[in-house]
1. Within 22 Å of Leu300 (Cα to Cα) and either open to solvent by 70 Å² or more (accessible area, probe 1.4 Å) or modelled with pLDDT of 95 or more (or both): does that describe Val241?
2. Assuming Arg226 fulfils every condition listed in (1) open to solvent by 40 Å² or more (accessible area, probe 1.4 Å); (2) under 30 Å from Ile110 (Cα atoms); (3) of a type in the set (D, E, K, R); (4) touching a residue at least 12 places away in the same chain (Cβ under 8 Å) apart from one, which condition is it?
3. Quickly run through the stretch 3-17 and pick out the residues that are open to solvent by 10 Å² or more (accessible area, probe 1.4 Å) and under 17 Å from Leu100 (Cα atoms).
4. Which condition does Leu36 not pass, out of (1) out of contact with any Phe, Trp or Tyr (no Cβ under 6 Å at 6 or more places or on another chain); (2) under 19 Å from Val215 (Cα atoms); (3) among the hydrophobic types (A, V, I, L, M, F, W, C), if it passes all the others?
5. Could you pull out the residue among Gly77, Gly98, Gly46 that is open to solvent by 20 Å² or more (accessible area, probe 1.4 Å) and of a type outside the set (D, E, K, R)?
6. Checking the conditions here, which among Leu49, Leu103, Leu56 is under 22 Å from the mean Cα position of the chain (by Cα) and either modelled with pLDDT of 95 or more or within 24 Å of Pro159 (Cα to Cα) (or both)?
7. Determine which single condition Asp145 fails, assuming it passes every other condition in (1) open to solvent by 20 Å² or more (accessible area, probe 1.4 Å); (2) part of a helix (DSSP H, G or I); (3) in contact (Cβ under 8 Å) with a residue 12 or more places away in the chain.
8. For residues that are over 19 Å from Asp93 (Cα atoms) and of a type in the set (A, V, I, L, M), scanning just the stretch 191-211, find the one that is surrounded by the fewest Cβ atoms within 10 Å (Cβ to Cβ).
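The values are calculated or read from the model by the stated rules, or taken from the named source; none is laboratory data. Bear in mind the structure is a predicted one, so any value in this text is a computation, not a measurement. Cβ atoms come from the backbone with ideal geometry, glycine included; neighbour counts cover every protein chain shown. The protein model used for the area step is the full one, side chains on, heavy atoms only, and it has no ligands, DNA or RNA in it. Shrake-Rupley method; radii C 1.70, N 1.55, O 1.52, S 1.80 Å.
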Amino acid sequence: MPKLSVIVPFHNVQEYASDTLRSLARNAGKHTEFLLVDDCSTDATGEILDAWQDRLPNARLIRHEQNRGIAQARNTGIAEARGDHLTFLDGDDWYAPGHLDALVAEMERIDCDFLRTDHVQSTGTKRVIRRPMAPRRGVPLNPRDVIAPPDAETMVDYPFVWAGVYRTSLFQDPQLRFAVNLRTAEDRLFIWRLHLAARTVAATDLLGVFYRRGVTTSLTQIGDDRQLDFLPAYDTLLDEVTADREADRFLPKLVRTYCAMIAFHAAHSGRYEDAVARELQRRSTEALHRMPQDVLRDTLAALDAERAHVLRRLHRGERATPRIRPARTGRKAA
């Protein structure tokens, strides 16, 4: 039986698929299996996967007859996984040679339910290292203890599911499958649920995942209604955290994060289709009214003036003219 299952969804990534598969080959070993999920690609991605299937050791190619989205593609891989541990990679990203063996070794050394790693963000020729904000590294932590405080960047603000490795047994919980109704933001819902359900987490300095940012295949580049899926994702979280035994502890962080997401999308709504921008405003107003109003009031008082102004206008049902500058990278929460 393999120690590690690597799930890689592919959909219309013909420009990058060969690089991704080449990086998998450089990480192949007898203890690693690769589950390649072709989510009904309509370009040459399928032919590239066919060509690599016999060249990549311990690889299985799984095809969807219809395009079902990245959440279902990951779930398809989870259902087929045989390894003790499981990780993900997107079809346009890549690994450094030897990364997966190092990942398993670090997971076994620390002995935790899930392990988060740093990653390299690649934008054209520019490289930037991103890190999960753990208070300590290389030791098991209680996942609930690294959710708060609301005004700082914490481990739930690091939603990159492919920057880590997970015990496969975690996925026996149906709540820890990816929400197939979400075309975007499925990773944010998953990470929060993971922190609420798992027993131990750790962060490590291991660096070997390369993430392509800003490419045309990225869902971050779209302007249609898929951008709005963060709303049902956070609405679901709002219900679940409100029902949690430690709701008072976590609601300030969740409301702050939800407000930051609304403000971010309001600031960028000029890039969206007109109907999507109008729907964003309507549904954002509804979301703000669904939040615990005392927590929302404290959140708005603590936010910077520009975002608080936009959110207060939305709360009143008024048009929120985008006027927010792009957030600077740092340790403060978004």
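1. yes
2. Of the numbered conditions (1) open to solvent by 40 Å² or more (accessible area, probe 1.4 Å); (2) under 30 Å from Ile110 (Cα atoms); (3) of a type in the set (D, E, K, R); (4) touching a residue at least 12 places away in the same chain (Cβ under 8 Å), the odd one out for Arg226 is (2).
3. Lys3
4. The failed condition is (2).
5. Answer to the selection: Gly98.
6. Leu103
7. (3)
8. Ala197
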